[in-house]
There are 4 protein chains.
Amino acid sequence: MLTFTIRQLQSYTRTKYNKKEFTNSLFMKLVEEVGEVAEAINKNDGRKKDDGLSSLADELADVIHYAVAIATINDIDLEQIILAKDQVASKKYNQSPNLFEYLANSND
Amino acid sequence: MLTFTIRQLQSYTRTKYNKKEFTNSLFMKLVEEVGEVAEAINKNDGRKKDDGLSSLADELADVIHYAVAIATINDIDLEQIILAKDQVASKKYNQSPNLFEYLANSND
Amino acid sequence: MLTFTIRQLQSYTRTKYNKKEFTNSLFMKLVEEVGEVAEAINKNDGRKKDDGLSSLADELADVIHYAVAIATINDIDLEQIILAKDQVASKKYNQSPNLFEYLANSND
Amino acid sequence: MLTFTIRQLQSYTRTKYNKKEFTNSLFMKLVEEVGEVAEAINKNDGRKKDDGLSSLADELADVIHYAVAIATINDIDLEQIILAKDQVASKKYNQSPNLFEYLANSND
């Protein structure tokens, strides 16, 4: 089955977005998409009539798209920072396995 | 080098978050983190005095953390949706290779 | 000319929203509207094709609507807090007149 | 008792912010404050340890501050648009009195 790492996603993203000065513009798009996630949740919760025009899955993917794009143009290695932050959180909340250990034992 | 797929990250996330009814709470955390991304960008752009307490890398990782968590508890397969949306966007904007083709030719 | 105070707007809002437990739901709507402000700004800046479906004025009014609603159901006196915060900020940044002084000299 | 209209608040705001090109920067600040409202609600709901550093009242006032500032530099008459939108909504949802009628009968 086709699967891909966050590192690969960032490499691909770099072919599309590569200028650090677009940080602001990409963040403005991210905020727009966060609003659409809110809208999708509001529809799911019955706070808004569902017109079938937005879905939680689509809008979350858009949020991740722009977050990854902003990270990429700012030379942020997301896998590294996710692992590091997870290590701190796992220690703080005394959770085991942490992501590093989980991956070491994973056959995915 | 250790690397991981979004699928693996979702599997790991499932060990921590698994109840669909936490969608709202996790989204409230996501909004908090989006505000901190704004704060980090504002500091980088000189709109706010930098006190070293937040970094763009950390805050983006937090946004991705909560977006992945919300997707996971709602049984959303992020890799699948990212590939599908990329295929549509690449066709629309006449861009090549798309993510699928990029991964097929990648040696990462 | 018809004009109205924030206090009057809060009194009117109280006839529509009055349960503190709606804080979360109203905030979810606020986030949706903040996304639409982002969309309106993105259109104005040419980051998105303008389809005439949203306007900055409408979306800002919606943000204020929900912010006032959340304040109202939580018994927050917005005029009082706006005056108090302005006094602190004016002192900090050495600005004069502050809002209180401005209103005292205003004939609006 | 001192009270003030939104029109007066916009006049005062105009003495501080007056360049339309600051729309983006002010919106970035607004997003930061929306995140802090989320944080305050998360604390109130027990999703986050309360350190007493942010309050719902303060953060909502900040959101309104930046929304009013963006409206002001874009020459948006908030009272007019609030009245117009309320008229449409009241008709749509068959609610009475609307804001206009409420103010006409108000002795505040």
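Taken residue by residue, the stretch A:74-95 has no member that is within 14 Å of chain C (Cβ to nearest Cβ) and either within 21 Å of the chain's Cα centre (by Cα) or crowded, with 18+ Cβ neighbours inside 10 Å (or both). Checked against the criterion of being within 18 Å of the chain's Cα centre (by Cα), closer than 21 Å to residue B:84 by Cβ, more than 7 Å from every other protein chain (Cβ to nearest Cβ) and in a loop (DSSP other than H, G, I, E, B), the stretch A:3-14 has no qualifying residue. Checked against the criteria, residue A:98 does not count as modelled with pLDDT under 95 and not charged (D, E, K, R). Out of the residues in the stretch B:17-71 that are outside any helix (DSSP H, G or I) and within 11 Å of chain D (Cβ to nearest Cβ), state the one that is surrounded by the fewest Cβ atoms within 10 Å (Cβ to Cβ). Among those residues, the one meeting the criterion is B:46.
Looking only at the stretch C:6-16, count every residue that is out of contact with any Asp or Glu (no Cβ under 7 Å at 6 or more places or on another chain) and either buried (at least 19 other Cβ atoms within 10 Å of the Cβ) or hydroxyl-bearing (Ser, Thr, Tyr) (or both) and tell me the total. Residues meeting the conditions: 5. Among the residues of the stretch B:10-29, those that are hydrophobic (A, V, I, L, M, F, W, C) and touching a residue at least 12 places away in the same chain (Cβ under 8 Å) comprise B:22, B:26, B:27.
The values are calculated or read from the model by the stated rules, or taken from the named source; none is laboratory data. A quick note: this is a predicted structure, and the numbers were derived from the prediction, not measured. Backbone-built Cβ (ideal geometry, glycine too); neighbour counts: all protein chains shown.
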